[in-house]
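Trainee: Let me begin by handing over the structure; questions about it come next.
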Amino acid sequence: MTNALTRLLETRDWLLADGATGTNLFNMGLSSGDAPELWNEQHPDRIKKLYRFAVDSGSDLFLTNSFGGNSSRLKLHDAGHRARELSRISAELGREVADAAGRPVIVAGSVGPTGDIMEPVGSLSHADAVEIFHEQAEGLKEGGADVLWLETISAPEEFRAAAEGFALAGMDWCGTMSFDTAGRTMMGVTSADMVKLVEELPNPPISFGANCGTGASDLLRTILGFTAQGTERPVISKGNAGIPKYHDGHIHYDGTPELMADYAVMARDSGATIIGGCCGTMAEHLVAMREALETRPRSERPALELISEKLGAFSSASDGTEDSAGEAPARKRRSSRRRA
């Protein structure tokens, strides 16, 4: 059967994803160091409120509160044995909100990294990683998630293990990595590397892309890196709402709704199909993003100079590839077609 996300993508040339999970939950009272996934059971009303923030702001897709819901991360809170259960509850709550929306809304089962380093550098074996991802996928499937959503991954080995675990659960999926180290992931993956990785998987994701990172400018440079490779697979862009600032004991993101509206339009024009926010992205940001995507006409792919002018300077001179940031994407961009 065709999954709900694929069906929606067949009728739309862009979709609005959701915003931040952690930022919103901290505003509801979550304390630093607490496991957000325990709130699925302890405070289901707050989790449904989180989901409704996205739906009421115009999101076509929202992620479940299960980012750290795998056994490896939950064992830090003496809840490793509850990974499947807590993931199931997160999706059940999401299903309830999505079904009441009155329009098609996708429940995407969020799956984050294990928190462990895989062999041969670390101690986590491929087989154990596959089972960790498989267990969480089964819980999200039981809860009614439409699709799985792997995010904030740095290592290609972990990306492959997740793909294998999702295949065991028989679930379609999307996947994003975080390019937060001078255009590369923490483990050295470039945008071009990710495109190659995705296409070589036995069960590739429906859609792939980038999330989080160091700011909207850097993330869009990565998106241009994806589309420069000529990929036909829908690209995901989920950037932070500006840059984090430490103030009065709390982290705040300086991105305004106006900045995120500019980001959303430039993400679309850069070739992204699923566009949302990550850390710091609140309901007011999503409303502005939706309005901009609906009202502003498509344009040519933005030059790096326009991105930095609108969204702020890049955090590094290089995009992580062998060529300089100003040359490689621009040269390839002229020879690749923009998605309709």
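The values are calculated or read from the model by the stated rules, or taken from the named source; none is laboratory data. Predicted, not measured: the structure shown is a model, and the values here were computed from it. When we count neighbours, we look across all protein chains shown, and the Cβ atoms used for this are built from the backbone with ideal geometry, even at glycine. Areas reflect the complete protein model, heavy atoms only, side chains present, ligands, DNA and RNA absent. Shrake-Rupley method; radii C 1.70, N 1.55, O 1.52, S 1.80 Å.
Trainee: Which of the residues belonging to the stretch 1-12 are modelled with pLDDT of 95 or more and either touching a helix residue (DSSP H, G or I) at 6+ places or on another chain (Cβ under 9 Å) or open to solvent by less than 70 Å² (accessible area, probe 1.4 Å) (or both)?
Mentor: Residues satisfying the conditions are ALA4, LEU5, THR6, LEU8, LEU9, ARG12.
Trainee: Follow-up question, since we're still on this one. Looking at (1) in a helix (DSSP H, G or I); (2) under 24 Å from LEU8 (Cβ atoms); (3) in contact with a Lys or Arg (Cβ under 8 Å, 6 or more places away or on another chain), can you tell me which one GLU135 breaks?
Mentor: (2)
Trainee: If we scan the stretch 234-255, do we find a residue that is part of a loop (DSSP other than H, G, I, E, B), surrounded by fewer than 19 Cβ atoms within 10 Å (Cβ to Cβ), small (Gly, Ala, Ser) and at pLDDT below 95?
Mentor: Checking the stretch 234-255: at least one residue is part of a loop (DSSP other than H, G, I, E, B), surrounded by fewer than 19 Cβ atoms within 10 Å (Cβ to Cβ), small (Gly, Ala, Ser) and at pLDDT below 95.
Trainee: To continue, here is another question. Quick check on the stretch 96-105. Is at least one of its residues assigned to a loop (DSSP other than H, G, I, E, B), modelled with pLDDT of 95 or more and either surrounded by 17 or more Cβ atoms within 10 Å (Cβ to Cβ) or of a type in the set (Ser, Thr, Tyr) (or both)?
Mentor: Checking the stretch 96-105: at least one residue is assigned to a loop (DSSP other than H, G, I, E, B), modelled with pLDDT of 95 or more and either surrounded by 17 or more Cβ atoms within 10 Å (Cβ to Cβ) or of a type in the set (Ser, Thr, Tyr) (or both).
Trainee: Regarding LEU86, is this residue closer than 28 Å to MET186 by Cβ, outside any loop (DSSP other than H, G, I, E, B) and out of contact with any helix residue (DSSP H, G or I) (no Cβ under 8 Å at 6 or more places or on another chain)? It would help to see each step written out before you state the result.
Mentor: Numbers: closer than 28 Å to MET186 by Cβ: yes; outside any loop (DSSP other than H, G, I, E, B): yes; out of contact with any helix residue (DSSP H, G or I) (no Cβ under 8 Å at 6 or more places or on another chain): no.
The answer is no for LEU86.
Trainee: If you don't mind, there's one more thing I want to ask. Restricting the search to the stretch 267-320, which residues are open to solvent by 40 Å² or more (accessible area, probe 1.4 Å), among the polar types (S, T, N, Q) and under 26 Å from GLY22 (Cβ atoms)?
Mentor: Within the stretch 267-320, just SER315 meets the criteria.
Trainee: What tally of residues in the stretch 141-160 results from selecting those that are crowded, with 24+ Cβ neighbours inside 10 Å and in a loop (DSSP other than H, G, I, E, B)?
Mentor: Result for the stretch 141-160: 2.
Trainee: If you don't mind, there's one more thing I want to ask. Please note which helices (runs of 4 or more DSSP H) are completely contained in the stretch 1-58 and include at least 3 residues that are under 18 Å from the mean Cα position of the chain (by Cα). I'd like the intermediate steps shown before the answer.
Mentor: Values: elements: 4-9, 22-27, 39-42, 44-56.
Filter on the stretch 1-58 gives 4-9, 22-27, 44-56.
Trainee: While we're on this one: Return a yes/no flag: does the stretch 204-219 have any residue that is in a loop (DSSP other than H, G, I, E, B), surrounded by fewer than 24 Cβ atoms within 10 Å (Cβ to Cβ) and hydroxyl-bearing (Ser, Thr, Tyr).
Mentor: Within the stretch 204-219, one or more residues are in a loop (DSSP other than H, G, I, E, B), surrounded by fewer than 24 Cβ atoms within 10 Å (Cβ to Cβ) and hydroxyl-bearing (Ser, Thr, Tyr).
Trainee: Do we have any residue at all in the stretch 118-132 that's under 19 Å from the mean Cα position of the chain (by Cα) and surrounded by fewer than 24 Cβ atoms within 10 Å (Cβ to Cβ)? Quick ask: steps written out before the conclusion?
Mentor: Start the filter on the stretch 118-132 by keeping residues that are under 19 Å from the mean Cα position of the chain (by Cα), which leaves none.
So far as the stretch 118-132 goes, no, none of its residues is under 19 Å from the mean Cα position of the chain (by Cα) and surrounded by fewer than 24 Cβ atoms within 10 Å (Cβ to Cβ).
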